[in-house]
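Some notes on the structure that comes next.
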């Protein structure tokens with residue numbers, strides 16, 4: 001199969017720049033999720049690869065061959081986009097089989113197999129107008145998958161699927177995609193979906209690839225504040241600090257309390273930084289300690305497998321903590337102390353937003 005490669009691809013629409021010199025490679029059999037907020041350029045990127053738009057600058061290669069200027073049907077690409085793009089005069093079965101050639105019995109068997117995997121075999125005889133949005137989306141996905149293309153482009157294929165089926169598909173779809181050896185580019189606005197499905201995640205923000213890394217690295221070692229904010233529910237806690245390196249140790253003042261951040265290292269940061277801590281990394285207690293930050297619980301919200309605490313620190317800063325639902329210290333208006341392990345701390349340069357490497361920072365699992 002073929003490698004997909006983007007080399008310094010740029011695309012502008014007037015003053016809008018949805019792709020600003022993007023470079024990315026997807027290996028055969030690899031799933032790369034393109035994740036980012038709405039309007040970040042994800043769909044434009046897919047449409048350039050598919051041939052619906054041409055880049056203003058840069059190159060797009062499939063199997064080492066430039067496809068810029070080539071018509072979509074000659075690029076070896078399978079596509080499933082948000083608007084389904086099903087042929088309205090064809091049944092679901094005919095839509096899925098529309099790109100296949102071969103003996104009728106073989107085509108029918110392949111359609112039946114892919115439909116069974118996507119749980120739409122019972123609607124193969126239906127016309128698109130008779131299908132739910134979720135069924136339309138899975139029909140479009142089946143059509144994209146069935147031809148074993150060199151490159152597979154999927155634009156939020158589970159968006160219109162109900163919650164139960166979406167959960168099941170997150171488990172099943174990676175195995176389904178890896179049965180072939182297509183280079184898969186999977187666009188989603190759901191960070192959980194990106195982390196569950198992808199081998200690597202490409203975080204796209206305002207036309208720039210902010211970070212490309214395995215899911216566990218994206219979460220544990222985000223390249224910037226912008227990336228850190230996009231991953232996690234509740235979102236990461238951030239506070240502005242100026243680290244202090246003293247006697248080989250690094251510390252910072254948070255709401256009047258001095259918090260230990262681990263060894264200082266050879267070149268410790270001393271300029272203004274953002275300090276970030278994930279809500280699940282906060283520990284709550286009733287006991288004061290040298291590195292504990294006093295706080296008051298403003299509200300407690302049970303959310304499935306966890307309880308989310310809204311905390312107000314002494315200086316008015318509000319943080320969120322995520323605890324097991326049966327954890328103590330979850331009464332509203334209680335005075336508590338907040339702590340976190342030094343290896344849970346993330347530091348970001350205040351001016352650039354880029355993460356500062358700490359030698360003791362825990363590695364991704």
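Please treat every number below as a calculation from the coordinates, not as lab data. This structure is a prediction, so every number in the text was calculated from the model and none was measured. Reconstructed Cβ throughout: ideal geometry from the backbone, glycine too, with neighbour counts over all protein chains shown.
General remarks:
- C-alpha center-to-center spacing [region 195-251, region 71-136] in angstrom: 39 Å
- Taking the DSSP bridge list for the chain and keeping only pairs wholly inside it, about 75 percent are antiparallel.
- The fewest-to-most ranking of 43, 317, 188, 270 by surrounding Cβ atoms within 10 Å reads 270, 317, 43, 188.
- Which of 162, 290, 156 has the fewest Cβ neighbours within 10 Å, and the rest in rising order: 290, 162, 156
- When the chain is treated as a GNM with alpha-carbon contacts under 10 Å, the residue of 176, 141, 46 showing the greatest mean-square fluctuation is 176.
- The C-alpha atoms of the chain define a longest principal axis, and helix 133-146 lies at about 70 degrees to it.
- Relative contact order (percent, whole number), the chain, Cα cutoff 8 Å, 6+ residue spacing: 15 percent
- For 48, 283, 195, 79, order by how many other beta-carbon atoms lie within 10 Å, fewest first: 283, 195, 79, 48
- Modelled spin-label separation between residue 164 and residue 229, with each label point placed 7 Å from Cα along the Cα-to-Cβ direction: 3.8 nm.
- For region 237-356, the fraction of alpha-carbon pairs in successive 10 Å shells from zero, as %: 14, 45, 29, 11, 1
- Distance from the Cα centroid of region 143-188 to that of region 297-334 is 37 Å (rounded to whole angstrom).
- Spin-label pair residue 172-residue 106: with each label point 7 Å from Cα along the Cα-Cβ axis, the two points sit 2.6 nm from one another.
- Label assignment, Cα extents along the principal axes in Å derived from the structure, set (i) 68, 43, 40; (ii) 75, 45, 36; (iii) 60, 59, 46: (ii)
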